[in-house]
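Engineer: If you scroll down you'll find the structure; I have some questions about it.
The values are calculated or read from the model by the stated rules, or taken from the named source; none is laboratory data. None of the values given here were measured: they were computed from a predicted structure. Ideal geometry is used to build each Cβ from the backbone, glycine not excepted, and the neighbour counts take in all protein chains shown. Heads up: the accessible areas ignore ligands, DNA and RNA and are worked out on the full protein's heavy atoms, side chains in. Shrake-Rupley method; radii C 1.70, N 1.55, O 1.52, S 1.80 Å.
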Amino acid sequence: MRAIAYTHAGLPINDPQALIDIDLDLPQPGPRDLRVAVRAVAVNPVDTKVRRNAATEGPRVLGWDAVGVVDAVGSDVTLFQPGDAVYYAGVIDRPGSNAEYQLVDERSVGRKPASLDDAAAVALPLTAITAWELLFDRLRIAEGGGEGQTLLVIGAAGGVGSILVQLARTLTKLTVVGTASRPDTQDWVYAMGAHHVIDHTLPLTEGLARLGIPQVEHVASLTHTDQHYAQIVEVLAPQGQLGLIDDPGQLDVMALKRKALSLHWELMFTRPLFKTADMQRQHDLLNRVAELVDAGVLQTTLGEHFGRINAANLRRAHALLESNRAKGKIVLEGW
(Lines give C-alpha, C1' and ligand atoms only; values in the text may rest on other atoms or scores of the structure.)
Protein backbone atom coordinates (compact mmCIF):
# COMPACT_ATOMS: atom_id res chain seq x y z
CA MET A 1 0.00 0.00 0.00
CA ARG A 2 1.05 3.60 -0.55
CA ALA A 3 1.92 5.73 2.47
CA ILE A 4 3.69 8.95 3.45
CA ALA A 5 6.28 8.90 6.23
CA TYR A 6 9.23 10.68 7.76
CA THR A 7 12.52 8.90 8.48
CA HIS A 8 14.52 11.65 10.21
CA ALA A 9 12.99 13.94 12.85
CA GLY A 10 13.62 17.66 12.82
CA LEU A 11 14.05 18.29 9.10
CA PRO A 12 12.61 21.65 8.00
CA ILE A 13 9.39 21.20 6.09
CA ASN A 14 10.88 22.73 2.93
CA ASP A 15 13.31 19.78 2.79
CA PRO A 16 11.94 17.18 0.30
CA GLN A 17 13.01 14.44 2.74
CA ALA A 18 10.87 15.85 5.60
CA LEU A 19 7.97 13.71 4.32
CA ILE A 20 8.39 11.06 1.64
CA ASP A 21 6.22 8.68 -0.39
CA ILE A 22 6.82 4.99 0.47
CA ASP A 23 5.27 1.53 0.03
CA LEU A 24 4.33 -0.66 3.02
CA ASP A 25 2.80 -4.09 3.58
CA LEU A 26 -0.95 -4.28 4.13
CA PRO A 27 -1.61 -4.41 7.93
CA GLN A 28 -3.63 -7.21 9.53
CA PRO A 29 -6.30 -6.31 12.12
CA GLY A 30 -6.09 -7.37 15.77
CA PRO A 31 -9.15 -8.52 17.75
CA ARG A 32 -10.78 -5.07 18.26
CA ASP A 33 -9.34 -3.48 15.10
CA LEU A 34 -10.96 -2.19 11.97
CA ARG A 35 -8.87 -2.04 8.83
CA VAL A 36 -9.99 1.10 7.06
CA ALA A 37 -9.43 2.00 3.41
CA VAL A 38 -8.54 5.66 3.90
CA ARG A 39 -10.26 8.13 1.57
CA ALA A 40 -9.41 11.50 3.17
CA VAL A 41 -7.17 12.88 5.91
CA ALA A 42 -6.78 16.14 7.78
CA VAL A 43 -3.64 17.67 9.24
CA ASN A 44 -3.27 18.86 12.83
CA PRO A 45 -0.56 20.61 14.87
CA VAL A 46 0.30 17.25 16.46
CA ASP A 47 1.47 16.03 13.03
CA THR A 48 4.05 18.80 12.82
CA LYS A 49 5.15 18.41 16.45
CA VAL A 50 5.78 14.67 16.08
CA ARG A 51 7.62 15.13 12.79
CA ARG A 52 9.90 17.74 14.32
CA ASN A 53 10.55 16.16 17.70
CA ALA A 54 10.00 12.38 17.77
CA ALA A 55 13.02 10.36 16.68
CA THR A 56 12.26 7.25 14.66
CA GLU A 57 14.30 4.16 13.77
CA GLY A 58 12.37 3.51 10.57
CA PRO A 59 9.72 5.17 8.43
CA ARG A 60 6.95 6.57 10.64
CA VAL A 61 3.53 7.24 9.16
CA LEU A 62 1.82 10.29 10.63
CA GLY A 63 -1.80 11.41 10.43
CA TRP A 64 -4.71 10.99 12.80
CA ASP A 65 -7.88 12.38 11.27
CA ALA A 66 -9.30 10.00 8.69
CA VAL A 67 -12.45 9.17 6.76
CA GLY A 68 -12.72 5.85 5.02
CA VAL A 69 -14.58 2.58 4.55
CA VAL A 70 -14.14 -0.47 6.76
CA ASP A 71 -12.24 -3.05 4.71
CA ALA A 72 -11.81 -5.84 7.29
CA VAL A 73 -12.55 -6.41 11.00
CA GLY A 74 -10.92 -8.25 13.87
CA SER A 75 -12.41 -11.29 15.58
CA ASP A 76 -13.94 -9.35 18.49
CA VAL A 77 -15.36 -6.36 16.61
CA THR A 78 -19.05 -5.69 17.34
CA LEU A 79 -19.64 -2.04 16.42
CA PHE A 80 -18.91 -2.07 12.67
CA GLN A 81 -18.77 -4.33 9.66
CA PRO A 82 -17.02 -4.19 6.27
CA GLY A 83 -18.49 -1.52 4.03
CA ASP A 84 -19.31 0.95 6.83
CA ALA A 85 -18.28 4.56 6.22
CA VAL A 86 -16.40 5.83 9.29
CA TYR A 87 -14.44 8.75 10.69
CA TYR A 88 -11.94 8.80 13.56
CA ALA A 89 -8.72 10.25 14.98
CA GLY A 90 -6.85 7.10 16.05
CA VAL A 91 -4.10 7.08 18.66
CA ILE A 92 -0.60 8.46 18.81
CA ASP A 93 1.29 5.19 19.37
CA ARG A 94 0.15 3.37 16.19
CA PRO A 95 0.84 4.01 12.47
CA GLY A 96 -1.20 6.95 11.25
CA SER A 97 -3.77 7.71 8.59
CA ASN A 98 -1.39 8.93 5.88
CA ALA A 99 -1.64 5.51 4.26
CA GLU A 100 -4.06 3.71 1.96
CA TYR A 101 -5.07 1.35 4.80
CA GLN A 102 -4.97 1.88 8.56
CA LEU A 103 -5.74 -0.18 11.65
CA VAL A 104 -7.80 1.54 14.35
CA ASP A 105 -9.57 0.30 17.50
CA GLU A 106 -13.33 0.29 16.90
CA ARG A 107 -13.96 2.01 20.25
CA SER A 108 -12.38 5.20 18.90
CA VAL A 109 -14.35 5.22 15.63
CA GLY A 110 -17.66 6.84 14.73
CA ARG A 111 -20.17 6.69 11.91
CA LYS A 112 -19.27 9.26 9.25
CA PRO A 113 -21.84 12.08 9.03
CA ALA A 114 -24.12 11.10 6.15
CA SER A 115 -24.72 14.68 5.07
CA LEU A 116 -21.02 15.49 4.49
CA ASP A 117 -18.66 14.41 1.76
CA ASP A 118 -15.33 12.87 2.76
CA ALA A 119 -13.36 16.13 2.74
CA ALA A 120 -15.88 17.98 4.91
CA ALA A 121 -16.21 15.07 7.35
CA VAL A 122 -12.49 14.50 7.85
CA ALA A 123 -12.08 18.02 9.22
CA LEU A 124 -13.98 17.00 12.35
CA PRO A 125 -12.88 13.94 14.37
CA LEU A 126 -9.69 14.91 16.24
CA THR A 127 -10.82 18.44 16.97
CA ALA A 128 -14.38 17.38 17.82
CA ILE A 129 -13.12 14.83 20.34
CA THR A 130 -10.70 17.36 21.81
CA ALA A 131 -13.29 20.13 22.05
CA TRP A 132 -16.02 17.84 23.40
CA GLU A 133 -13.76 16.34 26.08
CA LEU A 134 -12.39 19.76 27.04
CA LEU A 135 -15.81 21.36 27.38
CA PHE A 136 -17.86 18.55 28.89
CA ASP A 137 -15.36 16.16 30.53
CA ARG A 138 -12.56 18.46 31.73
CA LEU A 139 -14.32 21.77 32.44
CA ARG A 140 -17.48 19.80 33.29
CA ILE A 141 -19.91 22.23 31.72
CA ALA A 142 -23.29 20.51 31.53
CA GLU A 143 -25.18 20.42 28.27
CA GLY A 144 -27.71 23.21 28.53
CA GLY A 145 -25.74 24.70 31.43
CA GLY A 146 -23.50 27.72 31.91
CA GLU A 147 -26.19 30.39 31.98
CA GLY A 148 -24.76 33.70 33.17
CA GLN A 149 -21.18 32.50 32.68
CA THR A 150 -18.57 33.29 30.03
CA LEU A 151 -16.14 31.04 28.17
CA LEU A 152 -13.06 32.70 26.65
CA VAL A 153 -11.55 30.64 23.80
CA ILE A 154 -7.97 31.67 23.01
CA GLY A 155 -7.06 30.70 19.45
CA ALA A 156 -10.67 30.28 18.37
CA ALA A 157 -10.01 30.28 14.61
CA GLY A 158 -7.97 27.07 14.64
CA GLY A 159 -9.29 23.55 14.23
CA VAL A 160 -10.16 22.89 17.88
CA GLY A 161 -11.41 26.44 18.44
CA SER A 162 -13.70 26.25 15.42
CA ILE A 163 -15.63 23.27 16.79
CA LEU A 164 -15.36 24.28 20.46
CA VAL A 165 -17.06 27.60 19.70
CA GLN A 166 -19.88 25.74 17.92
CA LEU A 167 -20.35 23.22 20.73
CA ALA A 168 -20.39 25.90 23.42
CA ARG A 169 -22.78 28.12 21.46
CA THR A 170 -25.25 25.40 20.47
CA LEU A 171 -25.17 22.97 23.41
CA THR A 172 -24.69 25.33 26.38
CA LYS A 173 -25.94 28.70 27.58
CA LEU A 174 -22.43 30.12 27.97
CA THR A 175 -21.51 33.50 26.52
CA VAL A 176 -18.74 32.59 24.07
CA VAL A 177 -15.86 35.01 23.46
CA GLY A 178 -13.28 33.91 20.91
CA THR A 179 -9.90 35.42 20.10
CA ALA A 180 -8.51 36.00 16.61
CA SER A 181 -6.09 38.57 15.27
CA ARG A 182 -6.93 39.12 11.58
CA PRO A 183 -10.14 40.30 9.92
CA ASP A 184 -10.60 37.02 8.04
CA THR A 185 -10.08 34.85 11.12
CA GLN A 186 -12.31 37.12 13.20
CA ASP A 187 -15.06 36.72 10.61
CA TRP A 188 -14.51 32.96 10.73
CA VAL A 189 -14.94 32.84 14.52
CA TYR A 190 -18.16 34.83 14.28
CA ALA A 191 -19.36 32.39 11.60
CA MET A 192 -18.66 29.51 13.99
CA GLY A 193 -21.06 31.10 16.47
CA ALA A 194 -19.06 33.26 18.88
CA HIS A 195 -21.03 36.01 20.61
CA HIS A 196 -17.93 38.24 20.63
CA VAL A 197 -14.40 38.21 19.16
CA ILE A 198 -11.37 40.03 20.58
CA ASP A 199 -7.80 40.39 19.29
CA HIS A 200 -5.30 38.27 21.24
CA THR A 201 -2.36 40.39 20.05
CA LEU A 202 -3.72 43.08 22.39
CA PRO A 203 -4.20 42.69 26.16
CA LEU A 204 -7.08 40.31 26.86
CA THR A 205 -8.20 42.47 29.76
CA GLU A 206 -8.69 45.45 27.45
CA GLY A 207 -10.64 43.43 24.87
CA LEU A 208 -12.95 42.02 27.52
CA ALA A 209 -13.37 45.39 29.21
CA ARG A 210 -14.60 46.88 25.93
CA LEU A 211 -17.30 44.19 25.95
CA GLY A 212 -18.25 45.03 29.52
CA ILE A 213 -16.93 41.66 30.73
CA PRO A 214 -14.48 42.27 33.58
CA GLN A 215 -13.93 38.58 34.37
CA VAL A 216 -14.73 35.17 32.89
CA GLU A 217 -15.51 31.88 34.60
CA HIS A 218 -13.85 29.60 32.05
CA VAL A 219 -10.86 29.88 29.71
CA ALA A 220 -10.01 27.36 26.99
CA SER A 221 -6.44 28.17 25.99
CA LEU A 222 -5.67 26.38 22.74
CA THR A 223 -2.39 28.03 21.75
CA HIS A 224 0.42 30.17 23.20
CA THR A 225 -0.76 29.54 26.76
CA ASP A 226 2.59 30.60 28.24
CA GLN A 227 2.41 33.91 26.35
CA HIS A 228 -1.07 34.70 27.68
CA TYR A 229 -0.80 33.03 31.09
CA ALA A 230 -0.48 36.10 33.30
CA GLN A 231 -3.48 37.71 31.61
CA ILE A 232 -5.49 34.48 31.85
CA VAL A 233 -4.95 34.43 35.60
CA GLU A 234 -5.99 38.08 35.75
CA VAL A 235 -9.22 37.71 33.73
CA LEU A 236 -10.39 34.50 35.41
CA ALA A 237 -12.96 35.00 38.15
CA PRO A 238 -12.27 33.51 41.58
CA GLN A 239 -12.80 29.73 41.48
CA GLY A 240 -12.66 29.84 37.69
CA GLN A 241 -11.30 27.14 35.40
CA LEU A 242 -8.46 27.03 32.88
CA GLY A 243 -8.43 24.23 30.30
CA LEU A 244 -5.54 23.87 27.87
CA ILE A 245 -4.29 21.60 25.11
CA ASP A 246 -0.96 23.08 23.97
CA ASP A 247 2.61 22.57 25.22
CA PRO A 248 3.76 25.57 27.28
CA GLY A 249 7.39 25.43 28.37
CA GLN A 250 6.36 25.82 31.98
CA LEU A 251 3.53 27.27 34.04
CA ASP A 252 3.71 28.70 37.54
CA VAL A 253 0.77 26.90 39.11
CA MET A 254 1.21 28.92 42.31
CA ALA A 255 -0.25 31.86 40.41
CA LEU A 256 -3.59 30.01 40.52
CA LYS A 257 -3.72 29.61 44.28
CA ARG A 258 -4.96 33.04 45.43
CA LYS A 259 -8.13 32.77 43.33
CA ALA A 260 -8.47 29.01 43.85
CA LEU A 261 -8.36 28.52 40.08
CA SER A 262 -8.32 25.01 38.66
CA LEU A 263 -6.17 23.72 35.81
CA HIS A 264 -7.44 21.04 33.40
CA TRP A 265 -5.38 19.27 30.73
CA GLU A 266 -7.06 17.78 27.68
CA LEU A 267 -5.36 15.20 25.46
CA MET A 268 -7.73 13.30 23.20
CA PHE A 269 -5.23 10.44 22.89
CA THR A 270 -5.40 9.60 26.61
CA ARG A 271 -8.40 7.27 26.44
CA PRO A 272 -7.17 5.11 23.52
CA LEU A 273 -3.53 5.30 24.61
CA PHE A 274 -4.28 3.85 28.04
CA LYS A 275 -7.35 1.86 26.93
CA THR A 276 -9.33 3.39 29.77
CA ALA A 277 -12.55 1.77 30.99
CA ASP A 278 -14.51 4.57 29.30
CA MET A 279 -12.57 4.44 26.02
CA GLN A 280 -15.77 3.82 24.05
CA ARG A 281 -17.00 7.32 24.97
CA GLN A 282 -15.04 8.49 21.92
CA HIS A 283 -17.12 6.20 19.70
CA ASP A 284 -20.27 7.55 21.34
CA LEU A 285 -19.34 11.22 21.08
CA LEU A 286 -18.28 10.89 17.43
CA ASN A 287 -21.67 9.36 16.69
CA ARG A 288 -23.33 12.22 18.58
CA VAL A 289 -21.35 14.78 16.60
CA ALA A 290 -22.41 13.04 13.38
CA GLU A 291 -26.05 13.28 14.47
CA LEU A 292 -25.66 16.99 15.24
CA VAL A 293 -24.01 17.60 11.87
CA ASP A 294 -26.72 15.69 10.02
CA ALA A 295 -29.37 17.67 11.94
CA GLY A 296 -27.78 20.95 10.84
CA VAL A 297 -26.72 21.93 14.37
CA LEU A 298 -22.96 21.71 13.72
CA GLN A 299 -21.04 22.50 10.55
CA THR A 300 -17.75 21.29 9.16
CA THR A 301 -14.63 23.25 10.07
CA LEU A 302 -12.95 22.60 6.71
CA GLY A 303 -10.70 25.53 5.91
CA GLU A 304 -8.60 24.50 2.88
CA HIS A 305 -8.46 21.47 0.55
CA PHE A 306 -4.87 20.67 -0.49
CA GLY A 307 -5.63 18.01 -3.10
CA ARG A 308 -4.55 14.38 -3.17
CA ILE A 309 -2.83 12.53 -0.33
CA ASN A 310 0.87 12.55 -1.16
CA ALA A 311 4.14 13.76 0.35
CA ALA A 312 4.31 17.02 -1.60
CA ASN A 313 0.82 18.11 -0.56
CA LEU A 314 1.37 17.05 3.04
CA ARG A 315 4.57 19.12 3.17
CA ARG A 316 2.53 22.11 2.00
CA ALA A 317 -0.06 21.44 4.70
CA HIS A 318 2.57 21.14 7.44
CA ALA A 319 4.15 24.39 6.27
CA LEU A 320 0.87 26.28 6.52
CA LEU A 321 0.22 24.92 10.02
CA GLU A 322 3.73 25.88 11.12
CA SER A 323 3.13 29.43 9.85
CA ASN A 324 0.29 29.81 12.41
CA ARG A 325 -1.88 31.33 9.69
CA ALA A 326 -4.29 28.47 9.09
CA LYS A 327 -7.98 28.85 9.82
CA GLY A 328 -10.16 25.82 10.23
CA LYS A 329 -8.78 22.47 9.05
CA ILE A 330 -6.52 21.53 6.13
CA VAL A 331 -7.67 18.36 4.37
CA LEU A 332 -6.40 16.07 1.62
CA GLU A 333 -8.47 13.57 -0.31
CA GLY A 334 -7.92 10.58 -2.56
CA TRP A 335 -4.87 8.71 -3.82
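Engineer: So how many residues does segment 250-261 have that are assigned to a loop (DSSP other than H, G, I, E, B) and surrounded by 12 or more Cβ atoms within 10 Å (Cβ to Cβ)?
Structural biologist: Going through segment 250-261 one residue at a time, the tally reaches 3.
Engineer: Follow-up question, since we're still on this one. If Val235 satisfies all but one of (1) closer than 20 Å to Val216 by Cα; (2) touching a His at 6+ places or on another chain (Cβ under 9 Å), what's the number of the condition it fails?
Structural biologist: (2)
Engineer: Out of all the residues in segment 237-254, is one or more within 15 Å of Gly178 (Cβ to Cβ) and at pLDDT below 95?
Structural biologist: Within segment 237-254, none of the residues are within 15 Å of Gly178 (Cβ to Cβ) and at pLDDT below 95.
Engineer: Is it the case that segment 48-66 has a residue that's assigned to a loop (DSSP other than H, G, I, E, B), more than 22 Å from Asp246 (Cα to Cα), open to solvent by less than 10 Å² (accessible area, probe 1.4 Å) and touching a residue at least 60 places away in the same chain (Cβ under 8 Å)?
Structural biologist: no
Engineer: Between Ala277, Ala290, which is of a type in the set (Gly, Ala, Ser), at negative phi and in a loop (DSSP other than H, G, I, E, B)?
Structural biologist: Ala277
Engineer: Another question, then. For residues in segment 217-226 being within 25 Å of Gln166 (Cβ to Cβ) and not hydrophobic (A, V, I, L, M, F, W, C), which is farthest from the chain's Cα centre (by Cα)?
Structural biologist: Ranking the candidates gives Glu217 first.
Engineer: Still on this structure: Going by the structure shown, is Thr225 open to solvent by 40 Å² or more (accessible area, probe 1.4 Å) and farther than 21 Å from Lys173 by Cβ?
Structural biologist: So Thr225 fails the test.
Engineer: Among the listed residues Val165, Val177, identify the single one that is assigned to a strand (DSSP E or B), within 20 Å of Gly144 (Cα to Cα), of a type outside the set (S, T, N, Q) and open to solvent by less than 50 Å² (accessible area, probe 1.4 Å).
Structural biologist: It is Val177.
Engineer: Can you pull out the residues in segment 19-47 that are at pLDDT 95 or above, over 27 Å from Gln81 (Cα atoms) and surrounded by fewer than 22 Cβ atoms within 10 Å (Cβ to Cβ)?
Structural biologist: Ile20, Asp21, Ile22
Every residue, every condition in (1) open to solvent by 30 Å² or more (accessible area, probe 1.4 Å); (2) touching a helix residue (DSSP H, G or I) at 6+ places or on another chain (Cβ under 6 Å); (3) under 30 Å from Val293 (Cβ atoms), yes or no:
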position: Arg182; (1), (2), (3): yes, no, yes
position: Ala191; (1), (2), (3): yes, no, yes
position: Pro248; (1), (2), (3): no, yes, no
position: Gln282; (1), (2), (3): no, yes, yes
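Engineer: Starting from segment 312-324, take each residue that is crowded, with 16+ Cβ neighbours inside 10 Å and list its partners that are assigned to a helix (DSSP H, G or I) and among the small types (Gly, Ala, Ser), counting only C-beta distances under 6 angstrom and pairs at least six apart or across chains.
Structural biologist: No pair meets every condition.
Engineer: Take Leu298 and decide whether it is aliphatic (A, V, I, L, M), over 16 Å from Ala66 (Cα atoms) and open to solvent by less than 20 Å² (accessible area, probe 1.4 Å).
Structural biologist: yes
Engineer: So, one more: Among the listed residues Arg107, Arg138, Arg111, which satisfies the condition of being open to solvent by 10 Å² or more (accessible area, probe 1.4 Å) and closer than 15 Å to Val293 by Cβ?
Structural biologist: On inspection, the qualifying residue turns out to be Arg111.
Engineer: Sticking with this structure for a sec: Under the condition of being among the hydrophobic types (A, V, I, L, M, F, W, C) and part of a loop (DSSP other than H, G, I, E, B), which residue from segment 114-135 is surrounded by the fewest Cβ atoms within 10 Å (Cβ to Cβ)?
Structural biologist: Ala114
Engineer: Also: Is there a residue in segment 94-103 that is open to solvent by 20 Å² or more (accessible area, probe 1.4 Å), closer than 18 Å to Leu124 by Cα and in contact (Cβ under 8 Å) with a residue 40 or more places away in the chain?
Structural biologist: The answer is no, given that none of the residues of segment 94-103 is open to solvent by 20 Å² or more (accessible area, probe 1.4 Å), closer than 18 Å to Leu124 by Cα and in contact (Cβ under 8 Å) with a residue 40 or more places away in the chain.
Engineer: The conditions are (1) out of contact with any Ser or Thr (no Cβ under 6 Å at 6 or more places or on another chain); (2) more than 23 Å from Glu333 (Cα to Cα); (3) loosely packed, with under 15 Cβ neighbours inside 10 Å, and Gly83 fails exactly one of them. Which is it?
Structural biologist: Of the numbered conditions (1) out of contact with any Ser or Thr (no Cβ under 6 Å at 6 or more places or on another chain); (2) more than 23 Å from Glu333 (Cα to Cα); (3) loosely packed, with under 15 Cβ neighbours inside 10 Å, the odd one out for Gly83 is (2).
Engineer: Kindly evaluate Gln231 against the criterion of being touching a residue at least 60 places away in the same chain (Cβ under 8 Å) and either of a type in the set (S, T, N, Q) or in a strand (DSSP E or B) (or both).
Structural biologist: So Gln231 does not fit the description; no.
Engineer: Same structure, new question: Confirm whether Thr201 is open to solvent by 40 Å² or more (accessible area, probe 1.4 Å) and either closer than 19 Å to Glu133 by Cβ or in a strand (DSSP E or B) (or both).
Structural biologist: Judged against the criteria, Thr201 is not a match.
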